[in-house]
Every structure is written in structure tokens, then in C-alpha cells.
1. Being β-branched (Val, Ile, Thr) and assigned to a helix (DSSP H, G or I), is that true of even one residue in the range 51-71?
2. Please go through the range 45-91 and pick out each residue that is of a type in the set (Asp, Glu), under 27 Å from residue 130 (Cβ atoms) and surrounded by fewer than 22 Cβ atoms within 10 Å (Cβ to Cβ).
3. Does residue 102 satisfy the criteria of being at pLDDT 90 or above, surrounded by 12 or more Cβ atoms within 10 Å (Cβ to Cβ) and touching a Pro at 6+ places or on another chain (Cβ under 8 Å)?
4. Name the residues in the range 72-97 that are in a helix (DSSP H, G or I) and aliphatic (A, V, I, L, M), would you?
5. Restricting to the range 147-170, name every residue that is under 15 Å from residue 15 (Cβ atoms), modelled with pLDDT of 90 or more and out of contact with any Phe, Trp or Tyr (no Cβ under 6 Å at 6 or more places or on another chain).
6. Identify all residues within the range 104-122 that are part of a helix (DSSP H, G or I) and free of Cβ contacts under 8 Å to residues at least 40 places away in the same chain; write none if there are none.
7. Give the residue that is farthest from residue 27 (Cα to Cα), with candidates limited to residues of the range 126-160 that are assigned to a loop (DSSP other than H, G, I, E, B) and basic (Lys, Arg).
8. Here are 150, 100: which of them is among the basic types (Lys, Arg) and in contact with a His (Cβ under 9 Å, 6 or more places away or on another chain)?
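The values are calculated or read from the model by the stated rules, or taken from the named source; none is laboratory data. Fair warning: this is a prediction, and the values are worked out from it, not measured in the lab. Methodologically, a virtual Cβ is constructed for each residue, glycine included, from the backbone with ideal geometry; neighbour enumeration extends over all protein chains shown.
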Amino acid sequence: MPTDTSERGLERLICTALAGHPCDPPLGPTVGEPPAHYGGVGWAGGNFHDYDREYCIDLAQLSAFLRATQPEAAESLDLSEASPTRRRFLARIQGEITKRGTIDVLRHGIKHEAHNLDLFYGTPSADNPEAQERFKQNRFTVTRQLRYSRDETQRALDIGLFINGLPVFTFELKNSLTKQTVAD
């Protein structure tokens, strides 16, 4: 079998190393949950249809994390409906990321209305079973062909990495075998 030296092939290799499968983008809008078990080195394949372009958040992952870890707060945030309550919350996260940065928001969470929300559970010590259980509730996802433009041009990044729905890394891959450079 010949080696796939295309950009798509490199995306598939990266995703397979992280998630245990190539994370091929879905053919249609199938917003949903990642598989129950993670492969590779602990990441799950994401779905670019779950990405909210206005707020730069994987809404399905953020919602699932909050429902699993802070169900009362998640319920009051009305995350399943496109409501003013949800928009205020997403705008709050976006504002805090703009002000403090994604890593600080993940580490320290945010205060929104009556809620102090944790958005990430850090690496636990070996002798702390409660912290180990909390850490397992984090959702690490890798999404291929992440469409980020809010207009219909459908511009996309090759790969986006998310922790609990918040973007942490993006990749725009170039391939010298196909004469691509950083200028492309």
C-alpha cells in the first residue's frame, strides 16, 4: 500500500496517534457525543458541526462536561437551547478568554451569575482517588477540518484540539511534497 503524503493523510496520522482512529469528518451535521472510551493517547475525535463559530467553542463538548461535572449549573445555563441565557454564558466565557487567556480560564474556571464553574480538572496525585475521578471527566477532543469562518466561505483549519470544549491548539498543516510552504 502506498504512503499517503497528502495533507489529508497527515491529518489522519495525527488524529490516529491522538485518538486511536483517523477522526474523518462526518458527512453531514451529526452534533453529538464522542465515544464512551478514548483510544490513542486519551483524545476523542471531535465533530466540526459541534463548533460554535460565534463563540469559538465546541458546544457539545462543553455542555457534556458541565452536565457530567456540575449538573445543577448546567441545567440553569440552558445549554441545550439557543436561548438568551446560553448566549450570555457563552459571551461570558468568550470575554474571560479574551481577558485572561484560555489556559487561565481552564485552570481557574469562571464565575457566572450565581455559579463558580470549574472548566478543567488538573492532573491528580497518585494517592487522591477523588481527584483521579474528576480528572477522568475531562474531555480532550481533536477535530479535523474545523470550519471557523462565520460567512459562507467555509474557511477551515486542518486540526483543532479542545479541552472540555475550549480551543487550546490549532494546526494549519503544510506539505513540502506538494510544494506548500508557510506562505500558502
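1. Keep residues of the range 51-71 that are β-branched (Val, Ile, Thr), which gives 57, 69.
Those left that are additionally assigned to a helix (DSSP H, G or I): 69.
There is at least one residue in the range 51-71 that is β-branched (Val, Ile, Thr) and assigned to a helix (DSSP H, G or I).
2. As a first pass, look at the range 45-91 and keep what is of a type in the set (Asp, Glu): 50, 52, 54, 58, 72, 75, 78, 81.
Filter once more, keeping what is under 27 Å from residue 130 (Cβ atoms): 58, 72, 75.
Across the range 45-91, the qualifying residues are 72, 75.
3. Details: at pLDDT 90 or above: yes; surrounded by 12 or more Cβ atoms within 10 Å (Cβ to Cβ): yes; touching a Pro at 6+ places or on another chain (Cβ under 8 Å): yes.
Answer is yes for this residue.
4. 73, 74, 90, 91, 93, 97
5. 160, 162, 169, 170
6. Our first condition is that a residue be part of a helix (DSSP H, G or I); within the range 104-122, this holds for 104-108.
Scanning the range 104-122 gives 104, 107, 108.
7. Just the residues of the range 126-160 that are assigned to a loop (DSSP other than H, G, I, E, B), to begin with: 126-128, 137-139, 148-155.
Filter once more, keeping what is basic (Lys, Arg): 139, 150, 155.
Details: 139: 23, 150: 20, 155: 17 Å.
Looking at residues that are assigned to a loop (DSSP other than H, G, I, E, B) and basic (Lys, Arg), I get 139.
8. Details: 150 fails: in contact with a His (Cβ under 9 Å, 6 or more places away or on another chain).
The conditions single out 100.
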